[in-house]
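Just below is one structure, and these are the notes that go with it.
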Amino acid sequence: MPDIATIRVPADFEFEFPGASRSASEVAVNLARTQMAIIAEIERPPREAHGLSASAFQTLAILDGAGEPLPGHVIAERLLVSSASMTSLVDTLERRGLVERRPHPTDRRKVLIHLTPDAQRVVDQQLPAIHAVIAQAISTLPESDREHLLSSLTTIRARLSLLAGQPLPPAKARRRRRAESTDRSAR
């Protein structure tokens, strides 16, 4: 396994940023870097096998998971994208023969997005590949550590949920790092 070091901040971090927490910043940056790495690996199988972007494959997976055709705005809400982005994405998937737009059976104003048989084959092939990537990524973490990590992540998400509705905390002025101050005074 590659030797990946824990990302650390300088020892004088809390001096430079009064009111900050060195360990909290280290946890946040390591969590963010891990999140980016796992997402990159999850997105790799459909990209390499079928040239699908993450959002294109997620669109197919959303339709598969729904078990029925969906209006574009429902898919857009689940993907957290704008309706304009969704239209462009569906256009691309339709050109590739992976989805079809069909009129809603009872509401002439609506159009439903359907998976094609080719898209269903892609999803049926790629979802197991993605789950295999996830299993491999987490395989070295013992089950008891997984439960502890889940609990810790849930605690962080709950705190972030509370913070989201509150005003931002007052920031204290940044100080020059001690090493920089010393270096400059020696000149």
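The values are calculated or read from the model by the stated rules, or taken from the named source; none is laboratory data. None of these values were measured; they are calculated from a predicted model. Counting neighbours? That spans all protein chains shown, and the Cβs are built from the backbone with ideal geometry, glycine included.
Here is the figure for segment 89-114: residues that are among the charged types (D, E, K, R) and not in a loop (DSSP other than H, G, I, E, B) total 6. Of all residues in segment 68-88, those that are in contact (Cβ under 8 Å) with a residue 12 or more places away in the chain and among the basic types (K, R) have Cβ atoms under 8 Å from Cβ atoms of residues that are buried (at least 16 other Cβ atoms within 10 Å of the Cβ) and not in a loop (DSSP other than H, G, I, E, B), 6 or more apart or on another chain, in R78/I62.
Residues checked against (1) out of contact with any Pro (no Cβ under 9 Å at 6 or more places or on another chain); (2) surrounded by 10 or more Cβ atoms within 10 Å (Cβ to Cβ); (3) within 22 Å of A40 (Cα to Cα):
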position	(1), (2), (3)
P71	yes, yes, no
V81	yes, yes, yes
P117	yes, no, no
A129	no, yes, yes
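Screening the candidates I42, I62 for the property of being surrounded by 14 or more Cβ atoms within 10 Å (Cβ to Cβ), touching a helix residue (DSSP H, G or I) at 6+ places or on another chain (Cβ under 6 Å) and at pLDDT 95 or above yields one hit, I62. Within the bounds of segment 143-154, is there any residue that is of a type outside the set (A, V, I, L, M, F, W, C), within 25 Å of A20 (Cα to Cα) and exposed (fewer than 11 other Cβ atoms within 10 Å of the Cβ)? Yes, the conditions are met somewhere in segment 143-154.
Here's the yes/no breakdown for (1) farther than 18 Å from G67 by Cβ; (2) loosely packed, with under 11 Cβ neighbours inside 10 Å; (3) among the acidic types (D, E); (4) in contact with a Gly (Cβ under 8 Å, 6 or more places away or on another chain):
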residue: T92; (1), (2), (3), (4): yes, no, no, no
residue: L98; (1), (2), (3), (4): no, no, no, no
residue: T106; (1), (2), (3), (4): yes, yes, no, no
residue: V111; (1), (2), (3), (4): yes, no, no, yes
residue: Q126; (1), (2), (3), (4): no, no, no, no
residue: T140; (1), (2), (3), (4): yes, yes, no, no
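Within segment 126-147, residues that are among the small types (G, A, S) sit with their Cβ atoms under 6 Å from residues that are assigned to a helix (DSSP H, G or I), at 6+ positions apart or across chains, in these pairs: A129/P45; A137/I38.
Scanning segment 88-131 for residues that are small (G, A, S) and touching a helix residue (DSSP H, G or I) at 6+ places or on another chain (Cβ under 8 Å) yields G97, A119, A129.
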